[in-house]
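Trainee: Before I ask anything, here is the structure I am working with.
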Amino acid sequence: MLLYNQQLITLEEQRNEILKHDIRFLLYEKHISGIADRFVHLLTTYLVAILTKRIFIFDKSWPEVSENFSKKIQWFSFDRYLRDYDYEKQFPERVPIFQGHTGGVIQTIDSNSSIYKKFLTENLQMNTMNLFGCLYHSLFTYKLSEILQRVSSSNEMINHLSYSSQDILRILLSPKYFPIGLQIRSGDEIMNEKSNNQILTDSQENILLNRFQNYFNCTLDLIHQNTKLLDKTGQIPIVFFISDNYQIHLAALKRWPFFYGNGSKVYDNNHLRIVSSSTPVLHIQYTKNRLLAFQLGLFDMFLFSLCQQHLISTDSGFGRIPAFTSLRQRNIYSLSLNEHKPCQNKGITYSTAGRHWSGI
């Protein structure tokens, strides 16, 4: 990407060329947090680089840039997704370094006082439903064969109700099914080996599922909401379920099993059919195998983006990112842990969802 990041010219020649052409940079610096927080900060920083015509750098292997030019380190707190910035005026340095774990893409395009709104909406024809997804897909290209190979090696088939990565991908891509994405966050602290290795009794599983019953009831509402469409297309509604709680994966698979390849043509839409991974959940900040945690998380987000509709945890970014990158342009449904409300309404807009938790 950078012509000057080569050993063919000296550091002084690099500097002279940068000054001659008035080249400016923007460095992304990751925060010690989960995958979702890192992605929303990354995509927001990438957008700022585009808006300010800067070269975007997320690899600090070229330290000469920040060491030899005026720089400013900026930390973005939780008000980022509620606050407008004039990035040219507030960060005139040649090399700003952005740190943080929150997003501001939706605020930048949706706020009436944003100086970039007109350019994004009128000139680029972007809106709250497609901007984040377009940024994401312009920056990342999935190498599915490689991801599948690496993720598959970690798959552990717990029982006959579990699904491999290939099976889940095959199901979600099949025109036979209407997949609804369900994401439940119960807390990062339970994402550890002790929790993953714990075996629950039937009674404990029931207690666990009852704790999150509002999410499953809401998912059933979404199925009923699409009855006319399902009758017209003949598709079978299924639920692709992701969570940071590995035990709830197993409990949900046992209570609401889906038998892939079942030849029966009679399906009752008053019951859920759960499809979920058999792989223990890892947190990128806490695990010793961070690369595997990243690959598993990235693949789960990709699978979740393939769903037709999305029900996510309000207090989490992990389900929100693939809901935005799916580019389905349907309203998102969002629940908090103790929030009991039916999902028979129109959900929430992308503008609202983009300002929840750490933003988008």
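The values are calculated or read from the model by the stated rules, or taken from the named source; none is laboratory data. Keep in mind that this is a model prediction, so the values were computed, not measured. Glycine also receives a Cβ, built like all others from the backbone with ideal geometry; neighbour counts cover every protein chain displayed. For accessibility, only protein heavy atoms count, side chains too; no ligands or nucleic acids. Shrake-Rupley method; radii C 1.70, N 1.55, O 1.52, S 1.80 Å.
Trainee: Between region 10-26 and region 197-221, what is the C-alpha centre distance in whole Å?
Mentor: 58 Å
Trainee: Okay, next question. Treating the angle as unsigned and between 0 and 90°, give the value, to the nearest 10°, between the Cα long axis of helix 213-225 and the longest Cα principal axis of the chain.
Mentor: The helix 213-225 is inclined about 90 degrees to the chain.
Trainee: What is the set of long-range amide H partners of SER336 at a cut-off below 5 Å, with H atoms built 1.01 Å from backbone N?
Mentor: Residues meeting the amide H criterion: THR314.
Trainee: Semi-axes of the equivalent ellipsoid for region 280-360, please: Cα gyration tensor eigenvalues, times 5, square-rooted, ordered largest first, whole Å.
Mentor: Semi-axes (√(5λ), whole Å): 25, 14, 11.
Trainee: Just to be sure I understand the model, the point goes 7 Å from the Cα along the line to the Cβ. What's the resulting ASN112 to GLU339 distance in nm?
Mentor: About 2.4 nm separates the two model spin labels.
Trainee: Check each of the trypsin sites (Lys or Arg not before Pro) in region 219-313 and keep only those in coil by DSSP with at most 11 other C-beta atoms within 10 angstrom; list them in order.
Mentor: Those that pass, being in a loop and sparsely packed, are LYS265, LYS288.
Trainee: Which lysines have a Cα less than 16 Å from the Cα of LYS89, not counting those fewer than 8 places away in the same chain?
Mentor: LYS53, LYS71, LYS72
Trainee: Right, next: Taking 0.36 nm per residue of sequence separation and subtracting the Cα-Cα distance, how much length would be gained by fully extending the chain between ASN123 and THR314, in nm to one decimal?
Mentor: My answer for the length gained is 65.6 nm.
Trainee: About its Cα centre, what dipole magnitude does the chain give when the only charges are +1 on Lys and Arg Cβ and -1 on Asp and Glu Cβ, stated in debye to the nearest 20?
Mentor: Numbers: 37 positive and 31 negative charges, 137 e Å.
So the dipole magnitude of the chain works out to roughly 660 debye.
Trainee: Going 7 Å from the Cα of ARG211 along its beta-carbon direction, which residues of region 316-360 have the amide nitrogen within less than 13 Å of the resulting point?
Mentor: 337-338
Trainee: Which distance in Å, rounded to a whole number, links the C-alpha centroids of region 101-143 and region 307-360?
Mentor: Taking the Cα centre of region 307-360 as reference, the centre of region 101-143 is 17 Å away.
Trainee: Lysines near LYS288 by alpha-carbon distance under 25 Å, same-chain residues fewer than 8 away left out - which ones?
Mentor: Correct list for LYS288: LYS30, LYS60, LYS143, LYS194.
Trainee: For the chain, what is the percent of antiparallel DSSP beta bridges, rounded to the nearest 5?
Mentor: Bridges in the chain are about 5 percent antiparallel.
Trainee: Among GLY234, GLN247, PHE58, which residue has its Cα positioned farthest towards the positive end of the charge dipole of the chain, with +1 placed on the Cβ of Lys and Arg, -1 on the Cβ of Asp and Glu, and the dipole taken about the Cα centre?
Mentor: GLY234
Trainee: Report in % the part of the accessible area of the chain that belongs to carbon and sulfur, leaving out ligands and nucleic acids; probe 1.4 Å. Intermediate values should be presented prior to the final figure.
Mentor: Values: 8980 of 17280 Å².
Here carbon and sulfur together make up 52 percent of the probe-accessible area.
Trainee: Under a point spin-label approximation (7 Å from Cα along Cα-to-Cβ), what is the ASN289-HIS224 distance to one decimal in nm?
Mentor: Taking the simple label geometry, ASN289 and HIS224 are separated by 4.2 nm.
Trainee: A further question on this structure: If I build a Gaussian network model for the chain, linking alpha-carbon pairs within less than 10 angstrom, which residue out of LEU148, LEU169, LEU11 has the largest mean-square fluctuation?
Mentor: Comparing LEU148, LEU169, LEU11 in a Gaussian network model of the chain, the most mobile one is LEU11.
Trainee: Rounded to the nearest 20 Debye, what is the dipole magnitude of region 289-346 about its Cα centre when Lys and Arg each give +1 and Asp and Glu each give -1 at the C-beta? Could the numbers behind the result be given before it?
Mentor: Details: 6 positive and 3 negative charges, 38 e Å.
Computed about the Cα centre, the dipole is about 180 debye.
Trainee: Top mean-square fluctuation among SER145, SER33, SER111, Gaussian network model of the chain, C-alpha springs under 10 Å?
Mentor: Residue with maximal mean-square fluctuation among SER145, SER33, SER111: SER145.
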